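Peer 1: Handing you a structure now.
The values are calculated or read from the model by the stated rules, or taken from the named source; none is laboratory data. Only a predicted model underlies this, so the values are computations on that prediction, with no experimental measurement involved. With ideal geometry, Cβ positions are generated from the backbone for all residues, glycine too; neighbour counts draw on all protein chains shown.
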Amino acid sequence: MTDESYQSYILQGVSRTFALTIPQLPPKLCKVVSNGYLLCRIADTIEDEPALTPTQKNQFSQQFIQVVAGETQAEEFGQHLYPLLSHATIPAEKELILNTPRVIQLTHSFTFPQRAALHRCVRIMAEGMAEFQQHSSLAGLKDLTEMNRYCYYVAGVVGEMLTDLFCDYSPQIAAQGERLQNLSLSFGQGLQMTNILKDIWEDQTRGACWLPREIFETVGFDIRKLSPNHYDPAFGEGLAELIAVAHTHLHRALDYVLMIPRHEQGIRRFCLWALGMAVLTLRRINQQRNFTQGRQVKISRRSVKATVWVSNMTTGSNTTLQLLFYLLTRTLPPEKELPSLTPYA
């Protein structure tokens with residue numbers, strides 16, 4: 001099995017969603033974006049492994065940054081980290097860690113602009129996640145600004161990486177590069193906020209909460225008293241505020257898609273599938289604010305198939321996409337006036 005074939009194989013094991021969406025991209029982009037996702041997954045695996053101490057996580061994260069940069073051997077990294085992974089890390093992720101050299105071999109075969117985009121993303125993500133993981137607790141984050149910063153490190157920087165790769169691929173896209181980069185932060189923010197809201201209770205079992213305390217304090221709810229066994233209407237009010245913020249960012253994500261040339265059908269599909277699934281998930285969260293498990297608001301496979309079909313049918317029509325977004329989001333709390341996001345790197 002070639003390194004490229006292995007990359008396609010392991011992608012299906014660590015993410016069914018991205019194994020579905022990434023192949024929609026043009027072949028030249030598919031290969032490098034797949035690689036970028038796997039690099040981010042390796043960084044994420046380090047931070048999520050409960051058996052590692054904060055010091056170990058920081059050491060492995062820094063080592064991995066050097067591996068991506070070509071300054072340290074990937075074999076040594078994988079062989080040292082693999083034995084330390086517990087049962088909390090899924091088998092596919094363990095295999096990915098062990099086969100880091102195969103992933104890196106592909107990374108180092110890309111052009112300089114592509115490698116630079118991947119390395120920048122991994123460096124910012126790894127360093128940012130390490131900072132937040134060291135201070136994670138059930139007390140939540142301070143405020144929305146702090147939540148923005150967290151979302152940037154785990155998702156916004158991925159949006160920047162993708163935009164860099166899209167611009168490198170197409171001069172026509174590059175002509176809109178600055179505005180696309182600004183909107184990419186909202187794209188990442190909207191997707192990540194939706195995931196945070198969906199995963200509230202799963203994160204709590206891991207001793208973490210990524211909700212902003214200030215939003216809930218304003219409506220009279222103490223986030224430290226959050227419990228799946230008791231629903232407080234005040235919590236629902238705070239949740240509505242965050243849903244409105246996510247709604248706003250997802251609308252900006254649509255603006256991002258509409259700036260991609262219509263003939264770039266693959267890139268548009270890749271973005272639209274992710275956007276559509278996030279909107280449907282946000283709708284379910286809004287409809288059932290008293291949910292107690294993420295699976296209660298997770299969209300069905302039927303909804304995923306419907307998202308794919310509708311996106312494919314409307315990919316080239318900006319007017320239809322705008323209408324669909326309005327119809328799907330009109331029951332959500334209204335959008336809010338928000339300042340433009342800025343990178344934290």
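Peer 1: Here are the criteria: (1) of a type in the set (D, E, K, R); (2) modelled with pLDDT under 95; (3) crowded, with 18+ Cβ neighbours inside 10 Å. Tell me which single one D164 does not satisfy.
Peer 2: (2)
Peer 1: Right, another one. On the basis of being within 19 Å of T315 (Cβ to Cβ) and not basic (K, R), does Y231 make the cut?
Peer 2: Against the criterion (within 19 Å of T315 (Cβ to Cβ) and not basic (K, R)), Y231 does not qualify.
Peer 1: Another one. Restricting attention to the stretch 57-97, report how many residues are within 18 Å of C40 (Cα to Cα), assigned to a helix (DSSP H, G or I) and of a type outside the set (D, E).
Peer 2: Total meeting the criteria: 23.
Peer 1: Filter the stretch 296-340 down to the residues that are surrounded by 12 or more Cβ atoms within 10 Å (Cβ to Cβ), at pLDDT 90 or above and either assigned to a loop (DSSP other than H, G, I, E, B) or not assigned by TED's automatic domain parsing to the domain that holds G190 (or both) and list them by number.
Peer 2: Residues satisfying the conditions are V297, K298, T315, G316, S317, L332, P333, E335.
Peer 1: Would you say S61 is crowded, with 20+ Cβ neighbours inside 10 Å and either over 21 Å from the mean Cα position of the chain (by Cα) or of a type outside the set (V, I, T) (or both)?
Peer 2: yes
This table checks each residue for (1) surrounded by 14 or more Cβ atoms within 10 Å (Cβ to Cβ); (2) in contact (Cβ under 8 Å) with a residue 60 or more places away in the chain; (3) charged (D, E, K, R); (4) more than 15 Å from Y37 (Cα to Cα).
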{"site": "K94", "(1), (2), (3), (4)": "yes, no, yes, yes"}
{"site": "I97", "(1), (2), (3), (4)": "yes, no, no, no"}
{"site": "I104", "(1), (2), (3), (4)": "yes, no, no, no"}
{"site": "M125", "(1), (2), (3), (4)": "yes, yes, no, no"}
{"site": "M129", "(1), (2), (3), (4)": "yes, yes, no, yes"}
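Peer 1: Looking for whichever is under 16 Å from the mean Cα position of the chain (by Cα) and of a type in the set (S, T, Y) here; the options are T194, T107, T100, T145. Which one fits?
Peer 2: T194
Peer 1: From (1) within 22 Å of R123 (Cβ to Cβ); (2) over 22 Å from the mean Cα position of the chain (by Cα); (3) not small (G, A, S), pick out the condition that doesn't hold for I46.
Peer 2: Single failed check for I46: (2).
Peer 1: Exactly one condition in (1) surrounded by 18 or more Cβ atoms within 10 Å (Cβ to Cβ); (2) over 21 Å from F166 (Cβ atoms); (3) without any contact (Cβ under 8 Å) to a residue 60 or more places away in the chain is false for R289; which is it?
Peer 2: For R289, the exception is condition (1).
Matching residues to (1) modelled with pLDDT of 90 or more; (2) under 19 Å from R115 (Cα atoms); (3) in contact with an Asp or Glu (Cβ under 7 Å, 6 or more places away or on another chain):
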residue: P50; (1), (2), (3): no, no, no
residue: P54; (1), (2), (3): no, no, no
residue: Q59; (1), (2), (3): yes, no, no
residue: V67; (1), (2), (3): yes, yes, no
residue: G78; (1), (2), (3): yes, no, no
residue: P83; (1), (2), (3): yes, no, no
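Peer 1: Ok, one more. Of the residues that sit in the stretch 37-75 and are out of contact with any helix residue (DSSP H, G or I) (no Cβ under 8 Å at 6 or more places or on another chain) and of a type in the set (D, E), which one is nearest to Y9 (Cα to Cα)?
Peer 2: My answer is D48.
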